[in-house]
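Read through the structure below, which is laid out as structure tokens, and then see the notes.
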Amino acid sequence: MSTATTHEFQTETQKLLDIVINSLYTERDVFVRELISNAADALEKFRHESLTRNQEDLFDAHVPLEIIIDLDEDKKQITITDTGIGMSKDELISNLGTIAHSGSNSFLAELAEAARKDVSLIGQFGVGFYAAFMAGSKVRVQSRSWDGSEGYEWVSDGTGSFEISECPGLHRGTKIIVSLKEGCEDYAKKYKVESVVKQYSSFVPFPIKLDGETINTVQALWARNRSEITDEEYLEFYKFIANTSDDPTYRLHFSTDAPLAINALLFVPKENFEIMGFGRVSPGVNLYCQKILIDQDSETILPEWLRFLKGVVDSEDLPLNISRQQLQDSALVAKIRRVITKRFLKHLNEEAKKDEESYLKFWETFGIYLKEGVTSDFEYRSELGKLLRFESSKSKNATPIGLAEYLLRMNPDQEEIYYINGPSREAIEAGPYVEMFKKKDVEILYTTEPIDDFVLSHLAEFDGKKFVSADRADLSLDDKGDVPESEKEKLDQGLAETESKDLISWLKETLKEKVADVSKSARLVDSPAMIVNPDSYMTSSMERVMAAGRLEKGMLGEISKKNLEINTDSDLICKLAELMKSDESFAVEIAMQIYDNAMIQAGLTVDPLEMVERNYRILHKAVN
């Protein structure tokens, strides 16, 4: 071997080494990933050359393209070898002694700022090789170019200079030998290196051999043509990426070139562990750049309400490695998130049209996430609205329906989509709010989850039709449909106008501490009374949820005063009008009980002790 020549690092390179070694030291795992990434690039470059040149022009053309990792615990060394394009003497000096394409103080200032923010992934700066000094006290690089020129060795301890000397007998490619620092000895152990490789580099498109064993055996399916992949291969990949034994519910594999280059392979799991009581699930989609992991279980590549998805997103447009802080702030990541989210929602809509029964199974399991999306993400409400499903007064066998199906059955003169909240279908249909809807044959949606009214309030409208809750005080069905002739004679047989006004005035005074107003109802058919909301934007269900939230925080959880509507055709209300004149004290008890009953039917709370005591007083009066 010839005498070694010593070269000083470029000034900016020395500053760079100080930043890498001192500021990024806690993220040492990344050096293995960076060196493998560089090796994969070198292999890809050689493969390109081999396709464009005669085989006779290629040195060691017969050598297979692979990455080999050798470990020596006794010497405390890790060696990473590739059979790629290799480097000449001048390339070793240029590539490893200077900062290519930069060399500016502004570049170093940018890197220093990124390091201050705890950069765990540094390849965006083109300095991946220098990560070796995070764990290495000495780094040797032996390389021989694809053109067959003599091999050379580059050696440095990262303190200010490097040596270059001839290294005869090398095959094509590059070998990097890292002598590990004290405290970094685990990188000479198989379990440690294997875990790092499987975390970051499982899908590198070349074999990675660790102590003779290939450890990246799962293919990067997302980068292959869909027509070439079997269902069995998709299933194997899903089980690997999701760490499960179940089959997925849905699969979406797509690629785009514009406006961004994206390859995505997403799966909907079989089970929802959140609703099974296992706590909030973590995001399950990994973000890659050219098959190299840059953000595992990414919290930024998809909206939080799609955290149930499993899979991979790969974009060549991303810088190879960027920090979590920069991922959150990146406009490019936001564009990728928008493209993927809209494409997934489109896929769900297509699946629902293709097989509604299967979609309803998905909805039952994961619909809560889509509802969360409506209430938290304005950007996708139009797409999400098409995917919502609710039971309705006309849905067969209590099967949830889509909003588009509701619109198809609307009366010609109907401009609103009606809904009412309740704990169950049975409870809603036994209550007062749907009576006139049934009489006039107007369909009404049943919202049975606490979040549902918030969802429809945020959605506001669908296909130009506004959502209106049936517990609104200003709701009128006078011009919606017709009451059947057989039912008309049952109406308007109650109190006369004067009697109604007298009773309403008396009830306003009697219940003034409890209600905001009392009025004659145009909606009640059989029930004597119901509670309605003066606030057209806040349903009783929404107010109940918000009051419970305030109580949890130690704040007052009181419900605002509601309006009371009475059915002046009801026999009970007619008898109350008579009782008001003959036994006012007893009439007060009845009025209070009617109010409490209406509150309970609205899903609102009353004082149970007071109600029970009053019930006993009424029963005592009745039996005597």
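The values are calculated or read from the model by the stated rules, or taken from the named source; none is laboratory data. Please read all numbers here as calculations on a predicted model, not as lab measurements. Cβ: placed from backbone, ideal geometry, glycine included. Neighbour counts: every protein chain shown.
Below are the figures for this structure:
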{"item": "Where Lys346 falls short, out of the listed (1) within 28 Å of Asp317 (Cα to Cα); (2) touching a Pro at 6+ places or on another chain (Cβ under 7 Å)", "result": "(2)"}
{"item": "Close pairs from region 250-269: first part of a loop (DSSP other than H, G, I, E, B), partner charged (D, E, K, R), Cβ under 8 Å, at least 6 apart", "result": "Pro259/Lys335; Leu260/Asp317; Leu260/Lys335; Ala261/Glu316; Ala261/Asp317; Pro269/Asp246; Pro269/Lys310"}
{"item": "Flag if Leu384 is under 28 Å from Arg343 (Cβ atoms), aliphatic (A, V, I, L, M), in contact (Cβ under 8 Å) with a residue 24 or more places away in the chain and in the same structural domain as Glu274 (by TED's automatic domain parsing)", "result": "no"}
{"item": "Single residue of Leu235, Leu252 found to be surrounded by 14 or more Cβ atoms within 10 Å (Cβ to Cβ) and in contact with a His (Cβ under 7 Å, 6 or more places away or on another chain)", "result": "Leu252"}
{"item": "So Ser245, is it outside the structural domain of Lys310 (by TED's automatic domain parsing) and of a type in the set (Ser, Thr, Tyr)", "result": "no"}
{"item": "Residue check for Lys75: at pLDDT below 80 and not aromatic (Phe, Trp, Tyr)", "result": "no"}
{"item": "Unmet requirement for Glu415, which otherwise passes all of (1) more than 19 Å from Asp463 (Cα to Cα); (2) surrounded by fewer than 17 Cβ atoms within 10 Å (Cβ to Cβ)", "result": "(1)"}
{"item": "Among the candidates Gly158, Gly173, residue that is buried (at least 16 other Cβ atoms within 10 Å of the Cβ) and closer than 16 Å to Thr83 by Cα", "result": "Gly173"}
{"item": "Considering residues of region 103-157 that are of a type in the set (Ser, Thr, Tyr) and closer than 24 Å to Leu287 by Cα only, the residue modelled with the highest pLDDT", "result": "Tyr130"}
{"item": "Flag for Glu316 being surrounded by fewer than 22 Cβ atoms within 10 Å (Cβ to Cβ) and at pLDDT 90 or above", "result": "no"}
{"item": "Residue among Thr230, Thr256 that is modelled with pLDDT of 90 or more and farther than 19 Å from Lys342 by Cα", "result": "Thr230"}
{"item": "Residue within region 459-474 that is at positive phi and in contact with a Phe, Trp or Tyr (Cβ under 9 Å, 6 or more places away or on another chain) present", "result": "yes"}
{"item": "Residue tally, condition of a type in the set (A, V, I, L, M) and either at pLDDT below 95 or part of a strand (DSSP E or B) (or both), over region 443-458", "result": "2"}
{"item": "Pair list, Cβ < 6 Å and 6+ apart or interchain, from region 444-458 residues that are within 19 Å of Glu364 (Cβ to Cβ) and in contact (Cβ under 8 Å) with a residue 40 or more places away in the chain to residues that are part of a helix (DSSP H, G or I) and of a type in the set (A, V, I, L, M)", "result": "Tyr446/Ile428; Pro450/Val545; Val455/Val374"}
{"item": "In region 352-377, the residues that are in contact (Cβ under 8 Å) with a residue 60 or more places away in the chain and more than 17 Å from Asn272 (Cβ to Cβ)", "result": "Val374, Thr375, Ser376, Asp377"}
{"item": "Residue among Thr26, Thr52 that alone is modelled with pLDDT under 85, over 27 Å from Arg172 (Cβ atoms), in the same structural domain as Glu185 (by TED's automatic domain parsing) and of a type in the set (Val, Ile, Thr)", "result": "Thr26"}
